[in-house]
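Every number in this text was worked out from the coordinates using simple rules, so none of it is lab data. If you're wondering where the values come from, they're calculated on a predicted model, not measured in any experiment. Note: ideal-geometry Cβ built from the backbone for every residue, glycine included; neighbour counts use all protein chains shown.
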Amino acid sequence: MSSLLIKLGVSKRLKKLVILVHIIALGAIMANALATTMKISLFTLSCLHYWLTVRHLKAKYYTIKYTEALAWELSEGGDFAPIEILASTVITTHALFLHFKYRSQAQSLKFSHKKFLLVLNDSLDDDEYRRLVVKLKTSAIK
């Protein structure tokens, strides 16, 4: 029986990208010709957004599971929920853009919302990332 259990870590490249984007935004806020009060407000909002984003990155722990009997399941730190991997999922050597629907939503709602999960290759060991990609290609994406 072929099964897979992968716990996603926090990507160092994603953290660096978040920092870079916020530094550029802060520079643009300070360099523009807006009134000082507007600059201070935007600067504060940008710092608040950075803090919330970093907090969100640290708080989310995803686990992806595949078994022959139950197919694909996803946990966001709690119980596993069955998911349906969508054909719009994009797989590259550096990142995986996992598009999915919760199976209960897919069956009960006519227009259920698609969800996505960004998995950067540095959030997993090389071998785990490779196993995840192979399992997705062989079992979910045709």
Count - residues of segment 1-46 that are among the polar types (S, T, N, Q), surrounded by 13 or more Cβ atoms within 10 Å (Cβ to Cβ) and more than 23 Å from GLY77 (Cβ to Cβ): 2
Positions within segment 123-142 being among the aliphatic types (A, V, I, L, M) and not in a helix (DSSP H, G or I), in sequence order: LEU124, ALA140, ILE141
For TYR62, which of the numbered conditions (1) in contact (Cβ under 8 Å) with a residue 12 or more places away in the chain; (2) more than 15 Å from the chain's Cα centre (by Cα) fails to hold? (2)
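When the residues of segment 20-58 are narrowed to those that are aliphatic (A, V, I, L, M) and touching a residue at least 12 places away in the same chain (Cβ under 8 Å), which ends up farthest from LYS101 (Cα to Cα)?
Going through segment 20-58, the residues aliphatic (A, V, I, L, M) turn out to be 20-21, 23-26, 28-31, 33-35, 38, 40, 42, 45, 48, 52, 54, 57.
When the remaining residues are screened for being touching a residue at least 12 places away in the same chain (Cβ under 8 Å), the result is 25-26, 29-30, 42, 54, 57.
Working: ALA25: 33, LEU26: 36, ILE29: 38, MET30: 41, LEU42: 36, VAL54: 26, LEU57: 21 Å.
Looking at the filtered set, the residue picked out is MET30.
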Considering each residue of segment 47-64, count those that are surrounded by fewer than 14 Cβ atoms within 10 Å (Cβ to Cβ) and under 22 Å from SER75 (Cβ atoms), and give that number. 7
Of the residues in segment 65-100, those that are loosely packed, with under 14 Cβ neighbours inside 10 Å, acidic (Asp, Glu) and over 12 Å from the mean Cα position of the chain (by Cα) come to GLU68, ASP79
Test each condition in (1) under 24 Å from LEU5 (Cβ atoms); (2) surrounded by 11 or more Cβ atoms within 10 Å (Cβ to Cβ); (3) touching a residue at least 12 places away in the same chain (Cβ under 8 Å); (4) not hydroxyl-bearing (Ser, Thr, Tyr) for ARG130 and report the one that comes out false. (3)
Could you list, in sequence order, the residues of segment 75-103 that are within 14 Å of LYS114 (Cα to Cα) and touching a residue at least 40 places away in the same chain (Cβ under 8 Å)? ILE85, ALA87, THR89
